[in-house]
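What follows is a short report on a single structure.
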Amino acid sequence: MYNSKDIKALQEATKEILQNKDFNDVNTLREILRFHEHRYYVLNEPLVSDGEYDRIYKRLEKFEKDNPGSITIDSPTQRVGASLNTEFKTVNHLVPMLSLENSYNPDDLVAWDERLKSLFGGAKVEYSVEPKFDGASLSLLYENDLLERGVTRGNGVAGDDVTLNIRQVGSIPLSADFKKYGIEKIEIRGEVLMNKNSFKEFNEALISEGTPPLANPRNAAAGSLRMKDPSAVRKRKLEAIFYHASFIESTAENKPSLIPSTHSRILELLNQLGFKTPVKEIKVFSTIQQVIAYCLEFETLRDKLSYEIDGMVIKVNQIELQQQAGSTSHHPRWAMAFKFKARQATSKLTNIEYQVGRTGAVTPVAKIEPVHIGGVTVSSVSLFNENIIAEKDIRVGDTVIVERAGDVIPYIVKPLTELRTGKEKKIVFPTQCPVCNTDLVKPEGEAVWRCENINCEAQVVERISHFVSKDAMDIKSLGEANVRKFFSMGIIKDIPSIYNIDFARLSNLEGFGQKSIDNLKSAIENSKKQPLHRLIFGLGIRYVGETTAKALAKSVDSIYELEQLSTEQLSTIKDIGIKVSESIYDFFRNTENTKTVKDLDEFGVNVSGEQKEETKGRLTGNTFLFTGTLPTLKRNEAEQLAEKNGGKILSAVSANLTYLVAGESAGSKLEKAKKIKSVQIINEDEFLNLINS
Ligand code: IVH
């Protein structure tokens with residue numbers, strides 16, 4: 001798509017834009033942004049940092065804001081669209097989206113090859129072979145070089161118009177130079193995917209916020225296409241890969257010469273035009289034996305690929321022969337899927353166990369009769385949380401379908417309800433921790449039950465290790481291995497017991513000379529003087545990392561004050577949102593936890609706050625919150641400026657707020673502030689005047 005000369009020139013222009021603040025040639029800005037999008041999303045080889053890209057993007061955005069008449073529909077700023085408030089529109093595909101005929105073994109392919117040969121008479125058939133991508137299928141329509149619409153498969157004849165969402169997928173060009181090849185209108189087919197890494201990250205984020213993870217990348221991709229908020233689609237890091245042109249309308253003169261006559265070269269052309277296509281993976285063969293060998297070879301690579309595939313697709317490469325073969329009402333006769341070995345099996349669910357993780361999350365785990373899936377024996381399958389059990393109506397005694405795909409952890413697809421005998425038992429989630437019997441809690445809006453007892457044996461060793469770790473109380477020589485050893489010998493049993501170690505017992509231990517005992521003693525003694533934020537961080541409250549712990553320590557006189565704060569009060573502290581406030585609040589409602597704090601205090605551990613000397617200045621006595629994009633100041637610059645002048649930063653709009661400084665596209669905070677009379681809403685200029693006037 002770009003030759004080395006182009007790349008050099010585009011790189012030069014990039015440099016120039018980054019250096020020259022007044023560079024405002026809008027066409028060049030767009031060309032440069034498109035070039036870097038292609039490098040990043042299609043080639044995965046970015047040539048600029050995210051920050052540099054953003055700077056150029058902002059420049060274009062500002063220019064277009066000042067000159068709205070200059071905006072074009074395919075400008076890189078125009079991916080972002082409004083949210084959808086109605087259902088997706090149903091639209092007809094130009095050509096029905098057929099499925100593929102499946103084959104499961106080499107014999108099926110040999111038989112297909114013979115059928116085709118007799119159909120084609122003497123013509124020599126070539127086969128192209130490419131992966132069968134396991135995502136959500138998508139059809140794009142371009143007219144006069146512009147992306148007109150994107151449609152899901154739907155029922156094959158008509159699908160959902162998801163144009164606004166797919167415009168957010170960075171590797172889908174908003175415009176492409178089809179006319180250069182005489183193409184006026186083209187419908188292209190492909191698959192939207194979430195690669196394995198993004199899927200893993202995505203699920204980890206879901207799990208950490210207590211939302212059930214998605215079963216597999218295919219579901220993640222399909223779900224993403226149907227989201228109501230296009231800007232959320234962007235965050236999902238989707239890829240789109242294209243493998244078929246289902247309809248081409250071209251100008252008569254160009255038709256014979258410029259449009260390739262084989263499938264593999266059409267994919268090359270699409271790739272040239274900026275689309276991601278399987279050009280690296282596709283291979284063309286003249287015998288079915290070679291095809292089979294390539295399919296089998298690819299199957300062995302399956303787990304090493306960055307994305308999921310569920311087989312290979314073999315296509316007659318010559319378009320003329322494809323047309324000659326035609327299609328049935330279900331599938332083309334010129335293409336065949338070669339499906340890889342199944343990654344599903346059925347088994348019987350015999351029992352449910354509840355595991356308590358180190359942060360107290362209670363996870364139901366299904367015990368199943370061992371089955372082999374994809375080369376691994378599976379006997380335990382996580383059910384993640386109570387909701388999943390209810391949604392799928394899983395019962396003990398059920399025969400269940402279990403799937404295990406590549407790196408994806410095994411999961412239960414569904415129970416086979418038709419095989420039920422009536423003896424299956426409904427699963428009743430425990431209300432108490434299976435390890436320590438403390439009542440379990442489930443924060444509102446979350447799906448996971450938790451044991452909040454800091455001394456629960458399932459969590460305690462990990463919790464003690466965290467408490468003594470470098471960024472918390474920093475008790476050197478009491479690393480995880482020693483914590484485990486001491487715990488198993490009963491030398492320590494919980495966090496406070498660290499300050500009550502019977503050192504005489506240590507002298508009998510191998511590897512513990514007098515010197516190491518002395519070191520440990522003084523490390524423990526020194527830790528009593530640690531500043532409060534280290535203690536708060538060390539307690540391991542969910543969502544409370546070092547930064548939050550520092551903010552909390554600065555806001556209170558002692559840890560006892562922190563214990564008393566309501567969620568409302570907590571959420572007025574800088575950078576502390578509602579989820580964190582609730583977690584802190586819940587933590588201190590557990591008597592084991594407050595007792596831990598009291599015991600630590602009694603052992604002489606510092607529990608006093610770190611009240612900073614307040615900066616006095618023009619803004620003293622006033623509180624501030626910044627929202628939206630300010631014309632010149634970055635959010636953190638504005639906050640620092642306010643603090644330097646004695647102002648206090650709040651994290652949420654409340655009656656305690658004096659000024660809301662609102663910039664461009666301020667959202668819900670502005671709306672909320674408008675409803676509270678005492679809050680003054682000002683802009684950046686007015687804010688600067690408060691300091692300078
Ligand atoms: S060609 C007219 N090629 O698999 C033929 N399909 O199970 C159009 N798929 O509906 C399809 N990878 O969504 C083709 N390399 C590939 C594919 C592929 C995945 C999907 C496609 C199709 C489904 C059939």
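Looking only at the stretch 142-158, count how many residues are over 26 Å from the mean Cα position of the chain (by Cα) and closer than 20 Å to Pro332 by Cβ.
4
What tally of residues in the stretch 530-560 results from selecting those that are out of contact with any helix residue (DSSP H, G or I) (no Cβ under 7 Å at 6 or more places or on another chain) and among the β-branched types (Val, Ile, Thr)?
Looking only at that region, the number is 1.
Condition test on Val435, is it in contact with an Asp or Glu (Cβ under 9 Å, 6 or more places away or on another chain) and part of a helix (DSSP H, G or I)?
Criteria not met by Val435.
Can you name the condition, by its number, that Val125 falls short on among (1) over 29 Å from the mean Cα position of the chain (by Cα); (2) farther than 30 Å from Cys295 by Cα; (3) among the aliphatic types (A, V, I, L, M)?
Among (1) over 29 Å from the mean Cα position of the chain (by Cα); (2) farther than 30 Å from Cys295 by Cα; (3) among the aliphatic types (A, V, I, L, M), the lone unmet condition for Val125 is (2).
For the stretch 249-258, check the following and say yes or no: at least one residue is without any contact (Cβ under 8 Å) to a residue 60 or more places away in the chain and within 25 Å of Glu37 (Cβ to Cβ).
No; the residues of the stretch 249-258 include none that is without any contact (Cβ under 8 Å) to a residue 60 or more places away in the chain and within 25 Å of Glu37 (Cβ to Cβ).
Give the residue that is farthest from the ligand (Cβ to nearest atom), with candidates limited to residues of the stretch 92-104 that are surrounded by fewer than 17 Cβ atoms within 10 Å (Cβ to Cβ) and farther than 12 Å from His331 by Cβ.
Checking each candidate, the answer is Asn92.
Which of the residues that make up the stretch 337-357 are crowded, with 19+ Cβ neighbours inside 10 Å, hydrophobic (A, V, I, L, M, F, W, C) and away from the ligand (no atom under 16 Å from the Cβ)?
Within the stretch 337-357, Leu349, Ile352, Val356 qualify.
When the residues of the stretch 183-204 are narrowed to those that are of a type in the set (Asp, Glu) and farther than 19 Å from Lys276 by Cα, which ends up farthest from the ligand (Cβ to nearest atom)?
Looking at the filtered set, the residue picked out is Glu204.
Residues are listed down the side, and each one gets a yes or a no for (1) of a type in the set (A, V, I, L, M, F, W, C); (2) part of a strand (DSSP E or B); (3) at pLDDT below 95:
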{"site": "Gly156", "(1), (2), (3)": "no, no, yes"}
{"site": "Asp160", "(1), (2), (3)": "no, yes, yes"}
{"site": "Asn165", "(1), (2), (3)": "no, no, yes"}
{"site": "Gln168", "(1), (2), (3)": "no, no, yes"}
{"site": "Arg189", "(1), (2), (3)": "no, yes, no"}
{"site": "Asn203", "(1), (2), (3)": "no, no, yes"}
{"site": "Leu214", "(1), (2), (3)": "yes, no, yes"}
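Across the stretch 510-545, what is the number of residues that are free of Cβ contacts under 8 Å to residues at least 24 places away in the same chain and under 24 Å from Arg358 (Cβ atoms)?
So the count comes out to 1.
Would you list the helices (runs of 4 or more DSSP H) that sit entirely within the stretch 467-573 and hold 3 or more residues that are among the small types (Gly, Ala, Ser) and within 15 Å of Val607 (Cβ to Cβ)?
546-555
Exactly one condition in (1) more than 30 Å from Gly156 (Cα to Cα); (2) free of Cβ contacts under 8 Å to residues at least 40 places away in the same chain; (3) in a loop (DSSP other than H, G, I, E, B) is false for Glu64; which is it?
(3)
Per-residue answers, yes or no, for (1) modelled with pLDDT of 90 or more; (2) farther than 30 Å from Arg589 by Cβ; (3) polar (S, T, N, Q):
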position	(1), (2), (3)
Leu509	no, yes, no
Gly513	no, yes, no
Leu520	yes, yes, no
Ile524	yes, no, no
His533	yes, no, no
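If you scan the stretch 368-425, which residues turn out to be in a loop (DSSP other than H, G, I, E, B) and of a type in the set (A, V, I, L, M, F, W, C)?
Result: Leu383, Phe384, Ile394, Ala405, Val408, Ile409, Leu416.
Output the number of the condition that Glu639 fails; it satisfies all remaining conditions of (1) at pLDDT below 90; (2) surrounded by 18 or more Cβ atoms within 10 Å (Cβ to Cβ); (3) assigned to a loop (DSSP other than H, G, I, E, B); (4) not hydroxyl-bearing (Ser, Thr, Tyr).
For Glu639, the failing item is (3).
For the stretch 139-146, state whether one or more residues are within 11 Å of the ligand (Cβ to nearest atom) and at pLDDT 95 or above.
Yes: one or more hits.
Kindly list, by first and then second residue, each pair from a residue in the stretch 1-26 that is part of a loop (DSSP other than H, G, I, E, B) to a residue that is loosely packed, with under 15 Cβ neighbours inside 10 Å, limited to pairs with Cβ atoms under 8 Å and residues at least 6 apart or on different chains.
Close Cβ pairs (under 8 Å, with a partner that is loosely packed, with under 15 Cβ neighbours inside 10 Å) amount to Phe23/Glu16.
A quick yes/no check of all residues on (1) within 16 Å of Ile454 (Cβ to Cβ); (2) modelled with pLDDT of 90 or more:
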position	(1), (2)
Ala553	no, yes
Asp557	no, no
Lys574	no, no
Thr591	yes, yes
Thr596	yes, yes
Val607	yes, yes
Phe624	no, yes
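Taking the stretch 410-432, which residues are touching a helix residue (DSSP H, G or I) at 6+ places or on another chain (Cβ under 8 Å) and touching a residue at least 24 places away in the same chain (Cβ under 8 Å)?
Passing the criteria: Ile412, Pro415, Ile427, Phe429.
Residue by residue through the stretch 35-49, note down the ones that are crowded, with 18+ Cβ neighbours inside 10 Å, in contact with a helix residue (DSSP H, G or I) (Cβ under 6 Å, 6 or more places away or on another chain) and touching a residue at least 24 places away in the same chain (Cβ under 8 Å).
Phe35, Val48, listed by residue number.
Restricting the stretch 362-390 to residues that are at pLDDT below 90 and touching a Gly at 6+ places or on another chain (Cβ under 9 Å), which is surrounded by the fewest Cβ atoms within 10 Å (Cβ to Cβ)?
Step by step, filter the stretch 362-390, then rank; the result is Gly374.
Here is a list: Ser527, Ser488, Ser507. Which entry is out of contact with any helix residue (DSSP H, G or I) (no Cβ under 6 Å at 6 or more places or on another chain), surrounded by fewer than 14 Cβ atoms within 10 Å (Cβ to Cβ), under 21 Å from Asn455 (Cα atoms) and of a type in the set (S, T, N, Q)?
Matching residue, one of Ser527, Ser488, Ser507: Ser488.
Out of Tyr53, Tyr41, report the one residue that is at pLDDT 90 or above and under 26 Å from Ala240 (Cβ atoms).
The conditions single out Tyr53.
Looking at (1) within 40 Å of the chain's Cα centre (by Cα); (2) more than 30 Å from Ser555 (Cα to Cα), which is the one condition that is false for Gly513?
(1)
Out of the residues in the stretch 115-138 meeting the condition of being among the acidic types (Asp, Glu) and within 15 Å of the ligand (Cβ to nearest atom), tell me which one is nearest to Ile282 (Cα to Cα).
That would be Glu130.
Enumerate the strands (runs of 3 or more DSSP E) found wholly within the stretch 235-336, keeping only those where 1 or more residues are within 36 Å of the chain's Cα centre (by Cα), surrounded by 15 or more Cβ atoms within 10 Å (Cβ to Cβ) and within 12 Å of the ligand (Cβ to nearest atom).
Of the strands (runs of 3 or more DSSP E) lying wholly inside the stretch 235-336, those with at least 1 residues that are within 36 Å of the chain's Cα centre (by Cα), surrounded by 15 or more Cβ atoms within 10 Å (Cβ to Cβ) and within 12 Å of the ligand (Cβ to nearest atom) span 238-250, 309-316.
From Ala136, Ala123, which residue is buried (at least 16 other Cβ atoms within 10 Å of the Cβ) and over 18 Å from Ile186 (Cβ atoms)?
None of the other options fit; the residue is Ala136.
The values are calculated or read from the model by the stated rules, or taken from the named source; none is laboratory data. From a predicted model like this one, the values you see are computed outputs, not experimental measurements. Cβ sites come from the backbone with ideal geometry, for glycine too, and all protein chains shown count toward neighbours.
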